[in-house]
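Remarks on the structure that follows.
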Amino acid sequence: MVITKNQKDLKPILMEPEVLGVKNPYYIIKEDSKVILVIAQGKNGVEFNKTTCFFSNSLGVNVYQCLYGQGILLMQRNDEVGEAKEFKVVTLSQGKQVEVPAGLAICIINVGRNFLVAHGPLIENEELENKTIIERHGLAYYVVEKKGEIAFEQNPNYSVHPQISTE
């Protein structure tokens, strides 16, 4: 089954929701217990195109693999009131695998010039983004382009912006 996501699906978590961006930001291909995400290149305003945010809520560790393209996988752990307490960035390139522990919010971002294709587990209720993330218009940081470079912009809807760790 193939699901097409459109601008309306990303609007609640964008830095500039009023700016028109990528018409079809990404596609979800579901098969059995796996999912393939095909994320279009481009930007939504100054923000690189991305998936909606969802929680890795299954038990244990979920493994995501980049099959094609260049991107970034964001992982955020929130406290009990929805403030970010941990924020991790992992760069994606072809063949790279990333382990995502249960309980983290994740978002996959295409920073390349072609499609980004990633493979991972089927997350139950993936359409139901966390209420806190929607209320705060995304994760604690947005991934934007500044002077031709990839940069991180603080989301003003969070009081706490943890130090960004990388892998």
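Readers should treat all values here as calculations from the given coordinates under stated rules, not as data from a laboratory. Because the structure is predicted, anything quoted here is derived from the model rather than measured. So basically every Cβ, Gly included, is an ideal-geometry build from the backbone, and we count neighbours across all protein chains shown.
Here are a few things to note about the model shown:
- Relative contact order, percent, region 2-166 [alpha-carbon distance under 8 Å, six or more residues apart]: 27 percent
- Label-zone membership for region 130-167, site LYS85, 7 angstrom Cα→C-beta point, backbone N under 13 Å: 162
- Gain in span if fully extended, SER159 to TYR27, counting 0.36 nm per residue against the direct Cα distance: 44.3 nm
- Length gained when the stretch VAL19-ARG113 is fully extended (0.36 nm per residue, less Cα-Cα span): 31.8 nm
- Extended-chain gain in nm, criterion 0.36 nm per residue less alpha-carbon gap, VAL46 and LYS11: 11.2 nm
- The dipole here belongs to the chain: it is taken about the Cα centre, uses +1 on the Cβ of Lys and Arg and -1 on the Cβ of Asp and Glu, and is about 460 debye.
- Shape category assigned to region 2-166 from the gyration tensor of Cα positions, a/c cut at 1.5: rounded
- The chain: most fluctuating residue of LEU122, LEU59, LEU92 per GNM, C-alpha cutoff 10 Å: LEU59
- Simple rule: put +1 on each Lys or Arg Cβ and -1 on each Asp or Glu Cβ in the chain, find the dipole, and look at LEU59, ASN114, ILE150; the Cα lying farthest toward the positive end is ASN114.
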